[in-house]
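A.B. asks: Take this structure, written in structure tokens, and hold onto it; I'll ask about it next.
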Amino acid sequence: MTKQGEVICSIHFDDYQIQVHMPVDGKIISINDLLRTKEKDVLLQQPENNGWIVLVVPSRMYDKAGLLSLENYKK
């Protein structure tokens, strides 16, 4: 199990490096294989479809502490 806040990957784009942290306690069940190819722009060009990084199964399904609410996401 991966704990909330742990670094799960590092994204490199041009001169930038961004560390991605686990949003919740849980298990990573899939990694987006497109990110391992030359399709490095997929996060920017197709964020709604192929722009995901990992699929996570939360260990506590209803614990939403620290997550972005739908209302705040829409802002």
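None of the figures in this text is laboratory data; all of them are computed from the coordinates on show. The shown structure was predicted, so the numbers you read here are calculated from the model rather than taken from an experiment. Cβ atoms come from the backbone with ideal geometry, glycine included; neighbour counts cover every protein chain shown.
A.B. asks: Can you tell me which residues in region 7-23 are part of a loop (DSSP other than H, G, I, E, B) and surrounded by 10 or more Cβ atoms within 10 Å (Cβ to Cβ)?
C.D. replies: Restricting attention to region 7-23, the residues satisfying the condition of being part of a loop (DSSP other than H, G, I, E, B) are 14-15, 22-23.
Passing the criteria: M22, P23.
A.B. asks: Filter region 24-46 down to residues that are assigned to a loop (DSSP other than H, G, I, E, B), of a type outside the set (S, T, Y) and more than 11 Å from the chain's Cα centre (by Cα), then give me how many there are. Walk me through it before giving the result.
C.D. replies: At the first step, the residues of region 24-46 found to be assigned to a loop (DSSP other than H, G, I, E, B) are 24-25, 32, 37-41, 46.
Of the ones still in play, those that are also of a type outside the set (S, T, Y) are 24-25, 32, 38-41, 46.
Okay, now just the ones that are also more than 11 Å from the chain's Cα centre (by Cα), so 25, 38-41, 46.
Within region 24-46, residues that are assigned to a loop (DSSP other than H, G, I, E, B), of a type outside the set (S, T, Y) and more than 11 Å from the chain's Cα centre (by Cα) number 6.
A.B. asks: Then there's this: Cβ-Cβ under 6 Å, sequence separation 6+ or interchain: first residue in region 10-24 and farther than 13 Å from V54 by Cα, partner among the hydrophobic types (A, V, I, L, M, F, W, C). Which pairs?
C.D. replies: I18/I11; Q19/V7
A.B. asks: Restricting to region 1-24, name every residue that is under 26 Å from Y62 (Cα atoms) and out of contact with any Asp or Glu (no Cβ under 8 Å at 6 or more places or on another chain).
C.D. replies: At the first step, the residues of region 1-24 found to be under 26 Å from Y62 (Cα atoms) are 1-9, 19-24.
Listed by number, the residues that qualify are G5, E6, V7, I8, C9, Q19, V20, P23.
A.B. asks: Same structure again: Mind checking which pairs have a first residue in region 39-65 that is closer than 20 Å to I28 by Cβ and a second that is of a type in the set (D, E, K, R), Cβ under 6 Å, 6 or more apart or different chains?
C.D. replies: V57/K27; S59/D25
A.B. asks: Let me ask something else. Of all residues in region 24-65, which are loosely packed, with under 10 Cβ neighbours inside 10 Å and either over 14 Å from F13 (Cβ atoms) or in contact with a Gly (Cβ under 8 Å, 6 or more places away or on another chain) (or both)?
C.D. replies: The initial filter retains those residues of region 24-65 that are loosely packed, with under 10 Cβ neighbours inside 10 Å, namely 29, 33, 36-38, 44, 48-49, 61-62, 65.
Correct list: I29, D33, R36, T37, L44, E48, N49, M61, Y62, A65.
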